[in-house]
Amino acid sequence: MNKNSSEHWDKIYALKTPEEMSWTQAVPKTSLDFIHSYDLSKNAKIIDVGGGNSKLVDFLLGEGFENITVLDISGEALEKTKKRLGKKAEKVNWIVNDITEFEPATEFDVWHDRAAFHFLTAPGQVAKYMETARRSVKGYLTIGTFSDNGPEKCSGLTIKQYSEQQLTAEFQNGFEKINCITEDHVTPFGTRQNFLFCSFKRQSD
């Protein structure tokens, strides 16, 4: 695991409340809309990559989904989420890992990522991410990144912006685009960040 990255994120989650973090959402509506569009059974295997302290897992559990995995580079973030969920946390598979070093032991019906992909700024990181996704996603993939009208940095780190064409190109080897939208995320402190969300379906090899 990249110690510098994990320590960076552990520090942020240790020092800040959710209301002080730009990515916080009371309701992850767009993510849920995409997941609902896949018409899944309640035992579908769903992974939230870079889930951190997102409330997506809360809503998925509330809807009766039974096979949820949350992965994040920050153990501090996941511990806070477990504490928030209480006993419900026992129903979730928690993984502390850098997504570029993650070696899945199973396949997923849905891969959701609203937080990690745009932090991968080196071609080798993106290539490893794609290799892992192609190997472990058997159903659908939802990616939320900063658009080409979004921020250029987040939490002190440089990110990579994406247009719909660029994001589609990254995933075309193995995945077929279903739908893309852009939306303004309003941060807890009132600023706006433009996101690009795209959904893809795994193509047969």
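The values are calculated or read from the model by the stated rules, or taken from the named source; none is laboratory data. Here the structure is a predicted model, which means the values were calculated and not measured. Ideal geometry is used to build each Cβ from the backbone, glycine not excepted, and the neighbour counts take in all protein chains shown.
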Scan region 103-126 for residues that are hydrophobic (A, V, I, L, M, F, W, C), surrounded by 18 or more Cβ atoms within 10 Å (Cβ to Cβ) and not in a strand (DSSP E or B) and report the count. 5
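So in region 59-102, with the set limited to residues that are aromatic (Phe, Trp, Tyr) and surrounded by 17 or more Cβ atoms within 10 Å (Cβ to Cβ), which one is nearest to Ser136 (Cα to Cα)?
The extreme case among them is Phe102.
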Give the residues of region 84-104 that are closer than 12 Å to Val70 by Cα and small (Gly, Ala, Ser), sorted by residue number. Ala89
With respect to the numbered conditions (1) closer than 26 Å to Ser41 by Cβ; (2) within 13 Å of the chain's Cα centre (by Cα), which one is the sole condition not fulfilled by Phe108? (2)
Looking at Ile178, is it hydrophobic (A, V, I, L, M, F, W, C), under 25 Å from Glu76 (Cα atoms), at pLDDT 95 or above and part of a strand (DSSP E or B)? no
Yes or no: region 88-102 includes at least one residue that is at pLDDT 95 or above and in contact with a Phe, Trp or Tyr (Cβ under 8 Å, 6 or more places away or on another chain). yes
Residue count, region 139-167, condition at pLDDT 90 or above and more than 17 Å from the chain's Cα centre (by Cα), comes to 4
Is it the case that some residue within region 127-145 is without any contact (Cβ under 8 Å) to a residue 60 or more places away in the chain, assigned to a loop (DSSP other than H, G, I, E, B) and farther than 18 Å from Asn173 by Cα? no
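To keep it simple, each residue is scored yes or no on (1) over 23 Å from Lys91 (Cα atoms); (2) in a loop (DSSP other than H, G, I, E, B); (3) modelled with pLDDT under 80.
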site	(1), (2), (3)
Asn4	yes, no, yes
Ala14	yes, no, yes
Phe34	no, no, no
Asn43	no, yes, no
Ile46	no, no, no
